[in-house]
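Notes follow the structure.
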Amino acid sequence: QVQLVEAGGGLVQAGGSLRLSCAASGRIVSNYAMGWFRQAPGKGREFVAAMRWSGGTTYYADSVKGRFTVSRDNAKNTVYLQMNSLNPDDTAVYHCASDPVRLSRAVGDYRYWGQGTQVTVSS
């Protein structure tokens, strides 16, 4: 089992920045995939970014490419999502997710999920 706990959400003005963290505990191994997803009010959960614990290629949704950066600190078992140049369309609950096999953009491919952290961007 893997437990994921997000933190770092809050209220920020348009153009501002936030850094989300996702602390993982349990049986994490280096090839686990780690993803960030978000869900805005009245909308489905959508892919934001993904990478493996072991590093390597990172993947981003087109809507956040160039503004968001995913990274990890293996010593702290924590994955981060640095979000810059935020705009009101980024308002959502942000979830991190993990899977032992698939590095994917699909919600259904991730086995473990955190409870989410709210990000609100005011105009």
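The values are calculated or read from the model by the stated rules, or taken from the named source; none is laboratory data. Just so you know, these numbers come straight off a predicted model, no measurement behind them. In this analysis, Cβ positions are derived from the backbone assuming ideal geometry, glycine residues included, and neighbour counts consider all displayed protein chains. Note: areas computed on protein heavy atoms with side chains; ligands, DNA, RNA excluded. Shrake-Rupley method; radii C 1.70, N 1.55, O 1.52, S 1.80 Å.
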Taking all protein chains together and a probe of 1.4 Å, list Arg19, Arg38, Arg67 from the most accessible to the least accessible.
Arg19, Arg67, Arg38
With a 1.4 Å probe and all protein chains in place, put Val5, Val79 in order of accessible area, largest first.
Val5, Val79
Asn87-Gln115 FRET efficiency (beta carbon distance; Förster radius 22 Å; 0.05 resolution):
0.35
Can you give me the accessible area per residue for the chain, using a 1.4 Å probe, in Å²?
49 Å²
Using DSSP to define loop residues, name the chymotrypsin sites (Phe, Trp or Tyr not before Pro) in segment 57-87 whose beta-carbon has at most 11 other beta-carbon atoms within 10 Å.
none
Nearest 5 is fine: what % of DSSP beta bridges in the chain come out antiparallel, could you say?
90 percent
Where the only charges are on Cβ atoms (+1 Lys, Arg; -1 Asp, Glu), what is the dipole of the chain about its Cα centre, to the nearest 20 debye?
220 debye
Suppose a student asked you for the relative contact order of the chain, using Cα pairs under 8 Å spaced at least 6 residues apart; what percent would you report?
36 percent
Charge tally for neighbours of Glu6 with beta carbon under 13 Å away, counting Lys, Arg as +1 and Asp, Glu as -1, is +2
State the answer as a single residue: which of Ser123, Val29, Ala92 lies farthest towards the positive end of the charge dipole of the chain, with beta carbon charges of +1 for Lys and Arg and -1 for Asp and Glu, about the Cα centre.
Val29
Roll a 1.4 angstrom probe over the protein heavy atoms and tell me the percent of accessible area of the chain that is carbon or sulfur.
46 percent
